[in-house]
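The values are calculated or read from the model by the stated rules, or taken from the named source; none is laboratory data. No experiment lies behind these values; they were computed from the predicted model shown. Every residue, glycine as well, gets a Cβ built from its backbone with ideal geometry; the counts of neighbours run over all protein chains shown. Note: areas computed on protein heavy atoms with side chains; ligands, DNA, RNA excluded. Shrake-Rupley method; radii C 1.70, N 1.55, O 1.52, S 1.80 Å.
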Amino acid sequence: MSVARAAEVVIVGAGAVGCSIAYHLAKRGQRDVVVIERAAIGAGSTSKAAGGIRAQFATELEIRFSLEGIEAFQRFHEELGVDIGYVQDGYMFVLTDERTLVKFRKNVELQNRWGVPSRIISSEEARELAPQLEIDDMVGASWCPMDGHATPNDVCMAYAAQARKLGVRFVEETVVTGMRSVGGRATVVDTIGGAITSPCVINAAGPNAGPVARMLGVEIPVYPKRRHIFVTDRFDEFHHPTPLVIDTGSGFYCRSEGQGVLMSPGDAGDVTDYADVPVDWTLLEEAVDKGIRRFPVLEHARVRSAWAGLRPLTPDQHAIIDWLPGVEGVFCAVGFGGHGFQHAPATGRYVAEWLLDGHPSLDLSPLSFARFQDVSTAVADAGSVLSGVD
Ligand SMILES: Cc1cc2nc3c(=O)[nH]c(=O)nc-3n(C[C@H](O)[C@H](O)[C@H](O)COP(=O)(O)OP(=O)(O)OC[C@H]3O[C@@H](n4cnc5c(N)ncnc54)[C@H](O)[C@@H]3O)c2cc1C
C-alpha cells in the first residue's frame with residue numbers, strides 16, 4: 001500500500017497503544033495523522049493479550065492509569081458504540097509466603113488510598129470466591145472485585161474505527177524499514193510503500209519498539225518475552241465464573257473463559273527478539289502441572305487451543321512514555337509489558353495531551369527515559385528482568 005508523502009503525525013504500530021493514541025489525538029482535533037502498521041490492525045501483542053484489567057498495582061501511576069482505563073472500559077459502549085465484553089469478575093493474587101503477603105499488604109494500602117476496593121483476605125475467604133482453590137500452602141490472598149477483563153482486539157478495532165471516522169489514515173501491511181532525522185526538524189520514515197516525512201513520529205511498535213528506535217541509532221531498553229495462553233474445551237467440572245487467580249509462587253494464572261478455562265504458565269524462555277511467536281507445546285505440561293497444584297480439578301481439563309505472544313518488557317517492568325533522547329520530534333509509548341492493553345486508554349489520553357498541550361495533565365516523569373541513568377546499562381539489565389505476574 002502506498003503512503004502519503006507527509007503528515008503532521010506518524011504513528012508506527014496499530015496495536016492498542018498506537019490506536020488509542022490516534023483516537024485521542026483525533027478526538028482532540030489533531031488533523032493529518034497517519035498510522036503505519038506492518039501487518040493488520042491489532043495483529044501484534046494486542047491480539048494475544050488475555051484481556052486482564054486490574055487496579056491491583058504497586059505504584060501510584062499504574063493505579064491511576066488502571067482507574068482511568070476501568071472508567072474508559074465502563075463507558076466504552078456509550079463513547080465508541082462497541083461491546084467489548086467487559087466483565088468485572090475480580091482478580092485474586094494467591095500468596096504463599098509471609099514476605100509476599102507483607103508486600104501485597106502495602107500495595108493494598110496504596111490502592112485503597114486511590115479508592116480501589118482491594119483487600120487482603122484469608123485463604124478460607126479466597127476459597128469462597130474460587131471454590132475449587134487448593135489453599136493448604138496459602139497465607140492469604142489479595143482480592144479486588146473491581147478487576148476483570150475485556151476483549152483486546154475489540155477495543156483496538158473500535159479505537160481504530162473511530163479514529164478513522166475522525167480523519168486518521170491507517171496504512172496496513174506496510175513495514176517501516178528505516179528512519180532518518182532531517183536537520184532536527186522532521187523525520188523521514190521509510191516504508192515498503194514509500195517514504196513519509198513528519199515533524200512528529202510516535203514509536204508505538206510494541207515488542208518491536210527496540211528495533212524501530214535503532215533505525216534512528218538509539219538503543220532503548222525494551223525487550224520482548226514470550227508468554228503462552230492455553231484454553232480448554234467447555235469444562236463443566238470447573239466452577240464458573242472463577243475470577244482471575246494468579247499464583248504468585250509459580251506465575252500460573254487462570255480464569256473462566258465462557259464455560260472453559262483460560263490459563264497461562266507464565267513467561268517462557270529468555271528475553272529475546274522473536275521474528276515470529278510459535279507455540280511451544282512442551283509448556284502445556286508446565287501449565288497443567290502448575291494449574292493442578294492450585295486447582296486439582298484441572299487434571300480433567302482438555303486443552304482446545306493455544307497461542308503465544310510477546311510482552312514488551314523494560315528492566316523495571318514499567319512502560320516508557322517520553323520523547324526519544326537525542327532525536328528531535330520522535331516520541332515513544334513503549335515497554336508496557338503485561339499491561340499495555342489495559343493501560344492503552346490512559347496512555348492515549350496523556351500522549352495526546354503531551355503533544356497538543358506541551359505537557360500531560362498527570363506527571364509521567366516516573367515513566368521517562370531519564371530513570372535509566374545509563375541506558376546502555378539498562379539495555380544490559382533488561383536481560384535479567386523478572387517474570388511479571390500479569
Ligand atoms: C500472552 C499475553 C497475555 C497478555 N495479557 C495481558 C492482559 O491480560 N492485560 C494487559 O493489559 N496486557 C496483556 N498483555 C500485554 C499486551 O498484549 C501488550 O502490553 C500490549 O498489547 C502492547 O500493545 P502495543 O500497542 O504497545 O503493541 P502491539 O499490539 O504489539 O502493537 C504494535 C504494532 O506495531 C507493529 N509494528 C512493529 N514494528 C513495525 C514496523 N517496523 N513497521 C510497521 N509496524 C510495525 C506491529 O505489527 C504491531 O501491530 C499480554 C501479552 C501477552 C503476550
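See the values below:
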{"read-out": "Rounded tilt (10° steps) of 282-294 against the dominant C-alpha axis of the chain", "value": "50"}
{"read-out": "With at most 15 other Cβ atoms within 10 Å, longest stretch of the chain clear of loop trypsin sites (Lys or Arg not before Pro) (DSSP)", "value": "76-184"}
{"read-out": "Point-to-point label distance, LYS27-ASP190, nm (Cα→Cβ direction, 7 Å offset)", "value": "3.7"}
{"read-out": "Pairwise FRET efficiency - GLU237 versus TRP114, Cβ, R0 = 45 Å, nearest 0.05", "value": "0.75"}
{"read-out": "LYS103/SER365 FRET efficiency (R0 30 Å; Cβ-Cβ; nearest 0.05)", "value": "0.80"}
{"read-out": "Top of SER122, SER198, SER47 by mean-square fluctuation, Gaussian network on the chain, Cα under 10 Å", "value": "SER122"}
{"read-out": "Total charge dipole magnitude, region 96-213, about the Cα centre, Cβ charges on Lys, Arg, Asp, Glu only, Debye to nearest 20", "value": "940"}
{"read-out": "Cα long-axis angle, helix 98-113 against the chain (0 to 90 degrees, to the nearest 10)", "value": "60"}
{"read-out": "Backbone HN-Hα couplings from phi across region 73-84 [Karplus 6.51/-1.76/1.60, Hz, Gly and Pro as x]", "value": "5, 5, 9, 4, 4, 5, 7, 10, x, 10, 7, 9"}
{"read-out": "Among GLY251, GLY337, GLY183, residue whose mean-square fluctuation peaks in a GNM of the chain (springs only between Cα atoms under 10 Å)", "value": "GLY183"}
{"read-out": "Exposure rank, largest accessible area first [GLU257, GLU37; 1.4 Å]", "value": "GLU257, GLU37"}
{"read-out": "Acute angle (nearest 10 degrees) that the helix 152-165 long axis makes with the longest principal axis of the chain, alpha-carbon atoms", "value": "30"}
{"read-out": "Residue among VAL327, ALA204, TYR223 farthest towards the positive dipole end of the chain, charges placed on Cβ", "value": "VAL327"}
{"read-out": "Interchain or long-range residues, amide H under 5 Å from THR96's placed H", "value": "VAL139, GLY249"}
{"read-out": "Rg(Cα) / (2.2 N^0.38 Å) computed for region 1-140, rounded to two decimals", "value": "1.39"}
{"read-out": "For region 233-267 and region 48-124, distance of Cα centres in Å", "value": "17"}
{"read-out": "Accessible solvent surface per residue of the chain, calculated while the other protein chains remain in place, 1.4 angstrom probe, Å²", "value": "41"}
{"read-out": "Rounded percent of accessible protein surface that carbon and sulfur make up, region 14-89, 1.4 Å probe", "value": "44"}
{"read-out": "Check: region 156-289 dipole with +1 on Lys, Arg Cβ and -1 on Asp, Glu Cβ, in debye", "value": "1120"}
{"read-out": "Electrostatic dipole magnitude of the chain [Cβ: Lys, Arg +1; Asp, Glu -1; Cα centre; debye, to 20]", "value": "1040"}
{"read-out": "Gaussian network model of the chain, springs between alpha carbon atoms under 10 Å - residue of GLY81, GLY193, GLY348 with greatest fluctuation", "value": "GLY81"}
{"read-out": "Among THR96, GLN162, GLY81 - extreme Cα towards positive end, dipole of the chain, charges at beta-carbon", "value": "GLN162"}
{"read-out": "Chain lengthening between ASP83 and ASP289 when straightened (0.36 nm per residue, less Cα-Cα)", "value": "70.6 nm"}
{"read-out": "Positive-end extreme of charge dipole, the chain - chosen from ILE11, ALA346, ALA43 (charges on Cβ)", "value": "ILE11"}
{"read-out": "Accessible-area composition of region 301-373, carbon plus sulfur, in percent [1.4 Å probe]", "value": "50"}
{"read-out": "DSSP loop chymotrypsin sites (Phe, Trp or Tyr not before Pro) with at most 15 other Cβ within 10 Å: longest gap in the chain", "value": "115-273"}
